[in-house]
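This report refers to the structure that appears directly beneath it.
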């Protein structure tokens, strides 16, 4: 058994070293970054229409910002179309921006604690902005005094 | 300076500077969005508080800032389309530079009349006889 083809004894082979210890992976590998990347492109294309349309209506059409007031908002939000438009724009823009800032924090904040707390602040603010914004769109009352 | 490795268009020249501008405009727009959701939320408080805060948007100085905001959003939107084309169109990376110059031309074509209409009222109020 311990012979080579020509019948000579094989030199002793030392026991292999124990396998190198790898850092224990605490989190399961997911495709989160791929989906985040894809979301930026898909939401971005939708936001081109939603946001540029919004800016055109609010800032340029019929005298622009000068005509905006409570009555103007009440008139627009009487229509489910504009409420849907604004809700979709709010959620997509906030998520798109949050993911963008997450990338910026990951790029520039170096200390683990700084990264963690900046991202916590970001996620809490995103949650508050989406909650408050949707609450206002869903519960808008044109007869409020 | 080390030479840029093959296969990236994000180091140096147009590829990098458009990336820088995309990042800066993106962060600016994000912070404006935060303020804008808060000011719009005042419609749920009272018509007068909403109208009071909206009056700041009609101030000449803030009006000028709005032009800057629209210009930033427009750049971010056009450059975003360019990024999508670079990532998904097979010839996108090859034409990224030409697409950037096309984008800048489009941006100027849209920003010039946009600025005119956005500042029309402010200029007329400050220097003319409009209400």
In nm², the average projected area of the convex hull spanned by the Cα atoms of the protein assembly as shown is 25.8 nm²
If one compares the long axis through the Cα atoms of helix B:47-57 with the longest principal axis of the Cα atoms of chain B, the angle in degrees, nearest 10, works out at 50 degrees
Rounded to two decimals, the Debye log10 I(q)/I(0) of the range B:9-77 (Cα scatterers, no solvent) at q = 0.14, 0.27 Å⁻¹ is -0.55, -1.14
Output ordering of A:61-73, A:102-114 (per-residue mean of other Cβ within 10 Å, highest first) is A:61-73, A:102-114
Length gained if residue A:131 through residue A:45 is fully extended, taking 0.36 nm per residue and subtracting the Cα-Cα distance, is 28.6 nm
Note: residue B:38 to residue B:65 extended length (0.36 nm per residue) minus current alpha-carbon separation gives 7.9 nm
What helix-only [θ] at 222 nm does the protein assembly as shown give? Using -39500 (n - 2.57) per DSSP H run of at least 4, over all residues, to the nearest 500, the answer is -24500 deg cm²/dmol
Per-residue average of other protein chain Cβ atoms inside 10 Å, peptide B:29-36 -> 5
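Can you compute the FRET efficiency between residue A:78 and residue B:102 using 1/(1 + (r/R0)^6), with r the Cβ-Cβ distance and R0 = 30 Å? Round to the nearest 0.05.
Computed FRET efficiency for residue A:78 and residue B:102: 0.15.
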The ratio Rg/Rh over the Cα atoms of chain A, Rh being the Kirkwood inverse mean 1/r radius, stands at 1.40
Per residue of B:70-79, other chain Cβ atoms within 10 Å number on average 3
In degrees, nearest 10, the alpha-carbon axis of helix B:96-127 is tilted away from the dominant principal axis of the alpha carbons of chain B by 10 degrees
Label model pair residue B:109, residue B:13: point-to-point distance (7 angstrom along the Cα→beta-carbon line) in nm is 2.5 nm
Expected unfolding gain across residue B:117-residue B:31 under the 0.36 nm per residue rule, minus the alpha-carbon gap, is 28.5 nm
Taking a crude spin-label model, label points 7 Å out from Cα along the C-beta direction, the residue A:62 to residue A:115 distance in nm is 5.0 nm
For chain A, the longest principal axis of the Cα atoms and the Cα long axis of helix A:80-108 enclose an angle in degrees, to the nearest 10, of 40 degrees
So for chain B, using the alpha carbon gyration tensor with a ≥ b ≥ c as root eigenvalues (a/c under 1.5 gives rounded; past that, a/b versus b/c decides prolate or oblate), I'd call it prolate
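If the viscosity is 0.692 mPa s and the temperature 37 °C, what translational diffusion coefficient in µm²/s does Stokes-Einstein give for the range B:44-116 when Rh comes from Kirkwood over Cα pairs?
Details: Rh = 14.6 Å.
Rounded to a whole number, D works out at 225 µm²/s.
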Simple spin-label estimate for residue B:49/residue A:22, 7 Å along Cα→Cβ, in nm, reads 5.6 nm
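Every number in this text was worked out from the coordinates using simple rules, so none of it is lab data. Because the structure is a prediction, the values reported are computed rather than measured. Note: ideal-geometry Cβ built from the backbone for every residue, glycine included; neighbour counts use all protein chains shown.
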